[in-house]
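Some notes on the structure that comes next.
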Amino acid sequence: MKKTLLFISLTAVLGLSACAGVQKDDSAMQAADQKMLTAYNWTLERVTMPAGGERPETLGQQVRPFDLSFMDNRLAVSGLCNSMSGSYQIAQDKIQVQPMGTKMMCADEAVMQSENYVGQVLPTVQQWQLQGVDMADPAQAHPVLTLSFADGARWQFEGTPTPETLYGQEGTTAFLEVSDQLQTCGAQNEQCYKVRSVKYNEQGIQTEVGDWFLLDRDQLQGFTPEAGYQTIIRTRQFVEKTTQGKDRPVYIHDMTVESKQL
């Protein structure tokens, strides 16, 4: 289902103050808030335009939903045509974003226009604000990030926990070879992925291939096997605690290493 952003005027929003952010004078609170920025992936949900300001439609640009992620002092944009990134700095409620990296053309002109618009406007952001953060249980929180611009525009993002936040641990790198054929498993005759572990040495030479084993569909995320292809992928492996207290591995697709037609 295609997501549609809501565009509203500042004059129609109740309870908005003239100041876009809350002053973070306490350094510990600021450090905690900055840490929370990196704990989530942020999806654009609402664009608020200033009264009388130009809307993206009048500019010939449509701001489409996209994602932001903050890591290692870099801000990354994904979900449009290309992946863009630039460094950022924060001081209290102020934020500075450096110009985004170079981009390639893409086939969808409308998406390309939206990406160009985001790439031009995002580096002009001035203030940031977090709401709904739960430091005690960040995996269950539903935070909102608001970015404010000099012309009065605001972009509102909803946060989804990163795997590190969700599972409360740093993932480890694991390589998996994934069969193109699903296999029936479990008491309910469900369809499982057939995979095996692959290991490489420091020179990137394959040194070991394990035995085949089965994974529930939700244990391998972000990747779907393609019929007729045997694929090796790099993943981030996490350990999930089941309701029975057992450890259950979860693999998050990071990149495709090799895809071989059968």
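The values are calculated or read from the model by the stated rules, or taken from the named source; none is laboratory data. Computed from a predicted model, the values in this text were never measured in an experiment. With ideal geometry, Cβ positions are generated from the backbone for all residues, glycine too; neighbour counts draw on all protein chains shown. In case anyone asks, the SASA skips ligands and DNA or RNA and just uses the protein heavy atoms, side chains included. Shrake-Rupley method; radii C 1.70, N 1.55, O 1.52, S 1.80 Å.
Okay, here's what the table says:
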read-out	value
Per residue accessible area in Å² of segment 91-225, where ligands, DNA and RNA are left out and the probe is 1.4 Å	56 Å²
Phi-based couplings in Hz for segment 81-90 (Karplus 6.51, -1.76, 1.60; Gly and Pro marked x)	8, 10, 8, 10, 7, x, 6, 9, 9, 10
Segment ASP137-GLN206, length gained on full extension (0.36 nm per residue, minus Cα span)	20.8 nm
All aspartates and glutamates inside 18 Å of LYS241 as judged from Cα atoms, apart from same-chain residues fewer than 8 positions distant	ASP137, GLU164, GLU170, ASP216, ASP218
Residue-span extension gain [ARG234 to GLU164] - 0.36 nm each, minus C-alpha spacing	23.5 nm
Extension gain from THR224 to CYS106, taking 0.36 nm per residue of separation minus the Cα-Cα distance	40.1 nm
Compactness of segment 87-170 as Cα Rg over 2.2 N^0.38 Å, two decimals	1.32
Total formal charge among the other residues, if their Cβ is under 12 angstrom from that of MET255, Lys/Arg +1 and Asp/Glu -1	0
Environment charge at TRP42 (Cβ cut-off 11 Å; Lys +1, Arg +1, Asp -1, Glu -1)	-3
Packing-based ranking, highest mean first, of 180-190, 194-204 given that Cβ atoms within 10 Å are counted	194-204, 180-190
Listed peptides 73-86, 238-251 by packing density, highest first (mean Cβ within 10 Å)	73-86, 238-251
23 Å Cα-Cα threshold exceeded, pairs from LYS194/LYS260; LYS35/LYS94; LYS35/LYS199; LYS194/LYS246	LYS35/LYS199
